[in-house]
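Please read the structure below before turning to the comments.
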Amino acid sequence: MRKIVIWDVMTLDGYFEGVKPWDLGFHDTVWGKELEDFSLEQAKDIGTLLFGRKTYEGMAAYWSKERGPIADFMNSVEKVVVSNTQIKTPWNNSHQLDTNFGDAIRTLKNKLGKDIYVFGSAYLTSELLKHKFVDEIRICLAPIILGAGNPLFKSPTDSTSLELLETRQLKTGGVTLRYKVAAKEKSK
Amino acid sequence: MRKIIVQSFITLDGVMQSPGGPHEDPTGGFTYGGWAVSYFDESMMKFVGESAAKPFALLLGRRTYEIFAAHWPYVNEKHKENPKENALDDPFAEALNI
């Protein structure tokens, strides 16, 4: 079965974006050669990107026009969008999840291939956590207290125990944290 | 000039309420009190011990002050009542009660 892995840059006070959509200026506090290498290394394990509507639409608009190794990856990899409304924004190799959420995610996980990654998409992330579909959470903790913004982990929800797999300190001051969702939390 | 250092236990989603036990701070119907206890291992105690080893003053808001004041002076008595759950040689208790 394929893993579902969450990957986000998060501020010390728990935000993955500022007050306005796509307000990601704080990424500058951690972005650099090390994180770029980390992203490219991680990309080798990605078979599918799973998005919520807002993140999908923003990513589609941005990456479709970009060039370079990360853009090539983003534009060619399979992308699946979870949304109750019809998605109209086109993007190469993308489609919308159109059946029951739980069944559709189970089907996606059971397909052969590389792992499934979720970027941004905070509501989808919370929904996946609630249904115990998440296998791993990777966070790059940005050294900033943003003060206001959009929280990555939506509240209230059930608590989830995590096992720390790895920490890495970046020269920029960021820290990458890799957690496995604890075995007792996983769905049978 | 002395530094002000903020030290806190915090969950990945930013919760710092009631880390030590369910009765510490159930404000707002909080039912996860004591969530930090299972992570109090040797390295955690070492970290707490080291941060309490140097001379320091503690600056607290009212709620945390009241929780601390009701707990830390009685650690020795609590140890006598229930030695398994209440350690006597707690470095933080020692530093706080001097």
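Miscellaneous remarks
- Filter pass, B:Val15 being loosely packed, with under 10 Cβ neighbours inside 10 Å, part of a loop (DSSP other than H, G, I, E, B) and within 14 Å of chain A (Cβ to nearest Cβ): no
- Enumeration of residues in segment A:74-115 that are surrounded by fewer than 18 Cβ atoms within 10 Å (Cβ to Cβ) and of a type in the set (Ser, Thr, Tyr): A:Ser76, A:Ser83, A:Thr85, A:Thr89, A:Thr99, A:Thr107
- Subset of segment A:127-143 (residues that are crowded, with 17+ Cβ neighbours inside 10 Å and within 14 Å of another protein chain (Cβ to nearest Cβ)): A:Leu129, A:Val134, A:Glu136, A:Ile137, A:Arg138, A:Ile139, A:Cys140, A:Leu141, A:Ala142
- Among the conditions (1) free of Cβ contacts under 8 Å to residues at least 24 places away in the same chain; (2) more than 28 Å from A:Asp28 (Cα to Cα); (3) within 14 Å of another protein chain (Cβ to nearest Cβ); (4) of a type in the set (S, T, N, Q), A:Thr160 misses just one, which is (1).
- The residues on offer are A:Thr89, A:Thr85, A:Thr99, and the sole one that is at pLDDT below 95, in contact with an Asp or Glu (Cβ under 7 Å, 6 or more places away or on another chain), more than 14 Å from chain B (Cβ to nearest Cβ) and not in a helix (DSSP H, G or I) is A:Thr89.
- So A:Thr172, is it more than 12 Å from chain B (Cβ to nearest Cβ) and over 15 Å from A:Gly18 (Cα atoms): yes
- Qualifying residues in segment A:52-73 (those that are among the acidic types (Asp, Glu) and in a helix (DSSP H, G or I)) - the one surrounded by the fewest Cβ atoms within 10 Å (Cβ to Cβ): A:Asp72
- Segment B:28-58, subset away from chain A (no Cβ under 14 Å) and exposed (fewer than 10 other Cβ atoms within 10 Å of the Cβ), residue nearest to A:Ile137 (Cα to Cα): B:Glu42
The values are calculated or read from the model by the stated rules, or taken from the named source; none is laboratory data. For clarity, every value in this text was computed on a predicted model and none was experimentally measured. With ideal geometry, Cβ positions are generated from the backbone for all residues, glycine too; neighbour counts draw on all protein chains shown.
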